[in-house]
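Asks: Sharing a structure below in structure tokens format, with a few things to ask.
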Amino acid sequence: MNKSIGLVVSIAILCLSSFSQNDATPKRSAPDKPIAAAVVNAQLEMAKATLAAHGGDKLKAMKTLVVKGSVEVTTSAIAQAIPATFITIYSGEKYRIEIANPFQPLKQVFDGTQTSSTIQGGFTLPPINRLGFPLLPRLGEQGFIITALPESNKKKKGFRMTSPEGFYTDFYLDEKTNQIKGYESTYEISGRSVTTSVEIDKYRVVDGITIPERYAQRFDTEQLTVYANFKAKEILVNSEVKDSIFSLAD
């Protein structure tokens, strides 16, 4: 029983917290109808206002980000909350994530070229720097495109940001502050559609940058739904991070 729970929890937590370069492919949406230049400009200005609300140039210039905290996970298969701790480390294109749980501790790293994971069979998921909040600092860079939300979400204030690889995130904004209150992404793994959605409950300002501190995340596959509540306890901006940290040998 513990072995089966451990497998579910391990996959669930990695699905929620780490993404890969190998098995995931962008989920292509239907082509948008032609949009007037004024509408395109309005979406871009909205995205710029969101960037400013989270630190603007300070966020774009951020060299490293380290977030440590706790997470409780439940699934549609196992209702009991599973406690775990996590750490994510970003440095440019490189990242490292660690999940410590009672069943199967996990690590995944990307050294700028190759993704490595402790999961058996080489199972990995899409890159964490191409989905969600880490995508925002790339605003204005070549290949990162801003468009309107899809028709189904037109009533919400927000915009879609797409990476050069085709991964996209729909950002939903607070009407007054322009800060991100939630976001959603969809992609495919081995031909199966996967959707992850996040609702942010609290931010923390560190060195002038507004970073998610508490958030709830839902992860939907065709066979399993995972729920997780994340709480950051330590957030470090522009701290020293050695390149060796992006190797599993470290």
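Asks: Among the residues that make up the stretch 165-177, is at least one of them of a type in the set (Phe, Trp, Tyr) and farther than 23 Å from residue 52 by Cβ? Working first, answer last.
Replies: Taking the stretch 165-177 as the starting set, the residues that turn out to be of a type in the set (Phe, Trp, Tyr) are 167-168, 171-172.
Adding the requirement that they be farther than 23 Å from residue 52 by Cβ leaves 167.
Taking every residue of the stretch 165-177 in turn, at least one turns out to be of a type in the set (Phe, Trp, Tyr) and farther than 23 Å from residue 52 by Cβ.
Asks: What's the number of the condition residue 202 fails, among (1) surrounded by 15 or more Cβ atoms within 10 Å (Cβ to Cβ); (2) at pLDDT 95 or above?
Replies: Failing condition for residue 202: (1).
Asks: Does residue 98 meet the test of being at pLDDT 60 or above and over 21 Å from residue 164 (Cα atoms)? If you could, list the steps in order and put the result at the bottom.
Replies: Details: at pLDDT 60 or above: yes; over 21 Å from residue 164 (Cα atoms): yes.
The answer is yes for residue 98.
Asks: Consider residue 25 carefully, then state whether it is at pLDDT below 80 and assigned to a strand (DSSP E or B). Let's see the steps before the verdict.
Replies: Values: at pLDDT below 80: yes; assigned to a strand (DSSP E or B): yes.
In short, yes.
Asks: Name every residue in the stretch 139-161 that is within 17 Å of residue 127 (Cβ to Cβ) and buried (at least 19 other Cβ atoms within 10 Å of the Cβ), in order of residue number.
Replies: Listed by number, the list holds a single entry, 161.
Asks: Still on this model: Answer with yes or no whether residue 135 is surrounded by 13 or more Cβ atoms within 10 Å (Cβ to Cβ), of a type in the set (A, V, I, L, M, F, W, C) and assigned to a helix (DSSP H, G or I).
Replies: On the way: surrounded by 13 or more Cβ atoms within 10 Å (Cβ to Cβ): yes; of a type in the set (A, V, I, L, M, F, W, C): yes; assigned to a helix (DSSP H, G or I): yes.
Against the criterion (surrounded by 13 or more Cβ atoms within 10 Å (Cβ to Cβ), of a type in the set (A, V, I, L, M, F, W, C) and assigned to a helix (DSSP H, G or I)), residue 135 qualifies.
Asks: State whether one or more residues within the stretch 179-193 are in contact with a Pro (Cβ under 7 Å, 6 or more places away or on another chain), surrounded by 15 or more Cβ atoms within 10 Å (Cβ to Cβ) and under 19 Å from residue 135 (Cα atoms). Reasoning before the result, please.
Replies: Step one: list which residues in the stretch 179-193 are in contact with a Pro (Cβ under 7 Å, 6 or more places away or on another chain), which gives 187.
Now narrow it down to the ones that are surrounded by 15 or more Cβ atoms within 10 Å (Cβ to Cβ): 187.
Adding the requirement that they be under 19 Å from residue 135 (Cα atoms) leaves 187.
So far as the stretch 179-193 goes, yes, one or more of its residues are in contact with a Pro (Cβ under 7 Å, 6 or more places away or on another chain), surrounded by 15 or more Cβ atoms within 10 Å (Cβ to Cβ) and under 19 Å from residue 135 (Cα atoms).
Asks: Looking only at the stretch 196-231, how many residues end up being of a type in the set (A, V, I, L, M, F, W, C) and not in a strand (DSSP E or B)? Walk me through it before giving the result.
Replies: So in the stretch 196-231, the residues of a type in the set (A, V, I, L, M, F, W, C) come out as 198, 200, 205-206, 209, 211, 216, 219, 224, 226, 228, 230.
Within this subset, residues satisfying the condition of being not in a strand (DSSP E or B) are 224.
Adding up the residues that qualify gives 1.
Asks: Can you confirm whether the stretch 118-133 contains a residue that is modelled with pLDDT of 90 or more and under 30 Å from residue 152 (Cα atoms)? Let's see the steps before the verdict.
Replies: First, the residues of the stretch 118-133 that are modelled with pLDDT of 90 or more: 132-133.
Filter once more, keeping what is under 30 Å from residue 152 (Cα atoms): 132-133.
Yes, because at least one residue in the stretch 118-133 is modelled with pLDDT of 90 or more and under 30 Å from residue 152 (Cα atoms).
Asks: For the structure I just gave you, tell me whether residue 87 is under 25 Å from residue 197 (Cβ atoms), modelled with pLDDT of 80 or more and surrounded by 19 or more Cβ atoms within 10 Å (Cβ to Cβ). Give the steps one after another, and end with the answer.
Replies: Numbers: under 25 Å from residue 197 (Cβ atoms): yes; modelled with pLDDT of 80 or more: yes; surrounded by 19 or more Cβ atoms within 10 Å (Cβ to Cβ): no.
Judged against the criteria, residue 87 is not a match.
Asks: Now a separate question. Take the residues in the stretch 145-191 that are among the β-branched types (Val, Ile, Thr) and not in a loop (DSSP other than H, G, I, E, B), then tell me which one is farthest from the chain's Cα centre (by Cα).
Replies: 147
Asks: Same structure again: Would you tally the residues in the stretch 125-165 being touching a helix residue (DSSP H, G or I) at 6+ places or on another chain (Cβ under 9 Å) and small (Gly, Ala, Ser)?
Replies: Number satisfying all stated conditions: 4.
Asks: For the stretch 59-84, which residues satisfy the criterion of being basic (Lys, Arg) and exposed (fewer than 14 other Cβ atoms within 10 Å of the Cβ)? Even if it seems obvious, please write down each step before you answer.
Replies: So in the stretch 59-84, the residues basic (Lys, Arg) come out as 60, 63, 68.
Of everything in the stretch 59-84, just one residue is basic (Lys, Arg) and exposed (fewer than 14 other Cβ atoms within 10 Å of the Cβ), namely 63.
Asks: Could you tell me how many of the residues in the stretch 38-73 are part of a strand (DSSP E or B) and of a type in the set (S, T, N, Q)?
Replies: Residues of the stretch 38-73 part of a strand (DSSP E or B): 64-73.
From the residues that got through so far, the ones that are of a type in the set (S, T, N, Q) too are 64, 70.
Number satisfying all stated conditions: 2.
The values are calculated or read from the model by the stated rules, or taken from the named source; none is laboratory data. Because the structure is predicted, anything quoted here is derived from the model rather than measured. In this analysis, Cβ positions are derived from the backbone assuming ideal geometry, glycine residues included, and neighbour counts consider all displayed protein chains.
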